[in-house]
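The values are calculated or read from the model by the stated rules, or taken from the named source; none is laboratory data. Since the model is a prediction, treat every value here as computed from it, not as a measurement. Cβ placement follows ideal geometry from the backbone for every residue including glycine, while neighbour counts extend to all protein chains displayed. Note: accessible area is taken over every heavy atom of the protein model, side chains too, but ligands, DNA and RNA are not part of it. Shrake-Rupley method; radii C 1.70, N 1.55, O 1.52, S 1.80 Å.
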Amino acid sequence: MENSRRQFIKQAALAGAGVMVSKVGWSAQSYNRIIGANDRVRVGAVGFSDRHRSTHMPCFMNHYKELNFDFVAVSDIWNKRRETGAAMWKEKMGHDVAACRNNEEMYDKKLVDAVFVGTADFQHALHAMEAVKAGCDVYCEKPFAETMEDNRNALKAIKATDRIVQIGSQRRSGSNYQAANEFIRSGKFGPITMVELTWNVNQPGRWRRPKEVPLLKEEDTDWKRFLMNRPHDTFDPRKYLEFRLFWPYSSGLPGQWMSHQIDTVHWFTGLQHPRSVVANGGIYAWKDGRKNWDTISAVFDYGPMADPANGFQVTFSSRMHNGDDNPAEIYYSNGGELNLNTNKVSPTGGLTKNFAAAMGMQPNLLPELSLSNTEKVVSSANTGGDVLTSNHVRNWMECIRSRKQPHAPVEAGYSHSIATIMTNAAVHTGQKVTFDERTQEVMAGGKAFKY
């Protein structure tokens, strides 16, 4: 079931993006040409970000000895982070770690076999593309892409190679989420009628870097390289370091948080994107110069494109004030609910026997079941080596060895990016947003959404 689902998603995503699909057969010779089964895998960092330091680093350290990996290089265009990163990894690994001024330097010197990409949101797909073209496997943070042009180009580039790319949607490596996926796909849950996604925090400093912003000087970095394919802009250390607050460098709440939760909808159902999205919200609490909303409510219609009479609604609401730091994902059918906070399936809210009898229907109430509850979602800014992410990094490392597809392949990133870009388009245009499967474009007001 899982293999066939992945193949379906792969074929559909590639066909929509205009990519020729072919099967890759792994012979012993081709496997050894990539990486010897007993060779040490050399890993580098594309961007020594807070996410890399606080999460990639401890997760890698959990597994590198057992799986015979090594960390050898840090690429960062800001000299301060580059030097700090190389020094921290040298202390961890017990040997010198190369400090590269940019990715070309790291790749041209053939220093690495695999990389962690943990740069600004809008750069992820672009940096993943660079890495696979350099022959590297990639652990790429989410959101995968913030524009459909980047999304399509990166998917096509990655699928033209045999590289292992793991998208940082770590819920896919949680046993409770895997159990939920199996239960829903078994048919025992019944048709999904509604999904409620919420992510509320009260962290005034979230995505702010007030201590670092004064330290960043234009002469100490490469602003042009930072912008990549975004429109020309004057140097701004806040946009560089606090990029999550500013479009077009990040969509903020949709790309950062919703991308995690909407990915479970795609995973559990096999659907690749919403049929439509509307959104409302604003900057209600933090009047600090940010441009991305601190509060959002988005409503999605999901279901088969060819069958508009069938489907279900998804809501995503998030606020960066008055929150309990406890992201929630609750799936509803007419027989009850599957709650990924309590990790329980229950008949809560299901059609009761009395009402069903009055209508001449079968109640079909869900049983009381517990899902595995070993990998709780961590909502803090710096998750550390949390179990979900540690599992996910290990899965990537194991797949580099086996050449099997990881839990969150590039198709998963392509799909969650469609949903986040649709949401961002609804935010910026105020329109009901749809998706054109023929052109693979997000449509708002009859036009393809760009910026």
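Go through (1) touching a residue at least 12 places away in the same chain (Cβ under 8 Å); (2) part of a loop (DSSP other than H, G, I, E, B) and name the single condition PRO210 misses.
Status for PRO210: all satisfied but (1).
Please count how many residues of the stretch 301-333 are among the polar types (S, T, N, Q), surrounded by fewer than 18 Cβ atoms within 10 Å (Cβ to Cβ) and either over 16 Å from VAL433 (Cβ atoms) or without any contact (Cβ under 8 Å) to a residue 12 or more places away in the chain (or both).
We begin by selecting, within the stretch 301-333, every residue among the polar types (S, T, N, Q); these are 310, 313, 315, 317-318, 322, 326, 333.
Narrowing further to those that are surrounded by fewer than 18 Cβ atoms within 10 Å (Cβ to Cβ): 310, 313, 315, 322, 326.
This time we only want the ones that are either over 16 Å from VAL433 (Cβ atoms) or without any contact (Cβ under 8 Å) to a residue 12 or more places away in the chain (or both), so: 310, 322, 326.
Of the residues in the stretch 301-333, 3 are among the polar types (S, T, N, Q), surrounded by fewer than 18 Cβ atoms within 10 Å (Cβ to Cβ) and either over 16 Å from VAL433 (Cβ atoms) or without any contact (Cβ under 8 Å) to a residue 12 or more places away in the chain (or both).
Scan the stretch 6-14 and give yes if some residue there is within 23 Å of the chain's Cα centre (by Cα), at pLDDT below 50 and small (Gly, Ala, Ser), otherwise no.
Residues of the stretch 6-14 within 23 Å of the chain's Cα centre (by Cα): 6-14.
Of the ones still in play, those that are also at pLDDT below 50 are 6-14.
Imposing the further condition that a residue be small (Gly, Ala, Ser) reduces the set to 12-13.
Yes - at least one qualifying residue is present in the stretch 6-14.
Which is touching an Asp or Glu at 6+ places or on another chain (Cβ under 8 Å), among the small types (Gly, Ala, Ser) and under 21 Å from THR193 (Cβ atoms), of SER250, SER276?
On the way: SER250 fails: under 21 Å from THR193 (Cβ atoms).
When all the criteria are applied, what remains is SER276.
Open to solvent by less than 40 Å² (accessible area, probe 1.4 Å), over 23 Å from ILE330 (Cα atoms) and touching a helix residue (DSSP H, G or I) at 6+ places or on another chain (Cβ under 6 Å): does that describe SER259? Before the answer, list the steps.
Numbers: open to solvent by less than 40 Å² (accessible area, probe 1.4 Å): yes; over 23 Å from ILE330 (Cα atoms): no; touching a helix residue (DSSP H, G or I) at 6+ places or on another chain (Cβ under 6 Å): yes.
It is false that SER259 is open to solvent by less than 40 Å² (accessible area, probe 1.4 Å), over 23 Å from ILE330 (Cα atoms) and touching a helix residue (DSSP H, G or I) at 6+ places or on another chain (Cβ under 6 Å).
Return the total of residues in the stretch 213-232 being within 23 Å of GLU130 (Cα to Cα) and part of a loop (DSSP other than H, G, I, E, B).
Residues that pass the stated criteria total 7.
If a residue must be over 28 Å from ARG81 (Cβ atoms) and of a type outside the set (Gly, Ala, Ser), how many such residues does the stretch 175-224 contain?
Initially, the stretch 175-224 is screened for residues over 28 Å from ARG81 (Cβ atoms), giving 175-198, 200, 202.
This time we only want the ones that are of a type outside the set (Gly, Ala, Ser), so: 176-178, 181-185, 188-189, 191-198, 200, 202.
So the answer is 20.
Take GLU196 and decide whether it is open to solvent by 30 Å² or more (accessible area, probe 1.4 Å) and closer than 30 Å to GLY349 by Cα.
Numbers: open to solvent by 30 Å² or more (accessible area, probe 1.4 Å): yes; closer than 30 Å to GLY349 by Cα: yes.
Spelling it out, GLU196 is indeed open to solvent by 30 Å² or more (accessible area, probe 1.4 Å) and closer than 30 Å to GLY349 by Cα.
Regarding the stretch 289-300, can at least one residue be identified that is farther than 19 Å from HIS428 by Cα and open to solvent by 20 Å² or more (accessible area, probe 1.4 Å)? Walk me through it before giving the result.
Keep residues of the stretch 289-300 that are farther than 19 Å from HIS428 by Cα, which gives none.
So far as the stretch 289-300 goes, no, none of its residues is farther than 19 Å from HIS428 by Cα and open to solvent by 20 Å² or more (accessible area, probe 1.4 Å).
What are the residues in the stretch 371-417 that are at pLDDT below 95 and hydroxyl-bearing (Ser, Thr, Tyr), if any?
SER372, THR374, SER379, SER380, THR383
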